[in-house]
Amino acid sequence: MPENGEQNEPVMVGSDDATVDEKITGIVAQVRQDHGGEDLPVVLAKIRERFEQAGIEVDDIKLARLAHEIADHPSEFNA
């Protein structure tokens, strides 16, 4: 795990067996944990990066919507 505490790879055995929807849900949860409540451009860049790392194609409209949700609603751990 990187020194800044961000998770950038699966931590559980079998995590690569998840469906695309499960992966999307996991990525959103992790970005919310790491960057919830941060400025929209930061969140958008991070979520785009995570989807690219996972090899999941998401259109710009969906990325923007997800980024807005994360930026507007920090995780309970980042509040």
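Residues in the range 32-52 that are under 25 Å from D17 (Cα atoms) and either modelled with pLDDT under 95 or assigned to a loop (DSSP other than H, G, I, E, B) (or both): R32, Q33, D34.
Can you find, within the range 53-63, the residue that is most open to solvent (accessible area, probe 1.4 Å) among those that are part of a helix (DSSP H, G or I) and out of contact with any helix residue (DSSP H, G or I) (no Cβ under 7 Å at 6 or more places or on another chain)? That would be I61.
The values are calculated or read from the model by the stated rules, or taken from the named source; none is laboratory data. As the structure is a prediction and not an experimental result, all values here were calculated from the model. Quick reminder, even Gly has a Cβ in these numbers, built from the backbone with ideal geometry, and neighbours come from all protein chains shown. Surface areas here come from the heavy atoms of the whole protein model, side chains and all, with no ligands, DNA or RNA. Shrake-Rupley method; radii C 1.70, N 1.55, O 1.52, S 1.80 Å.
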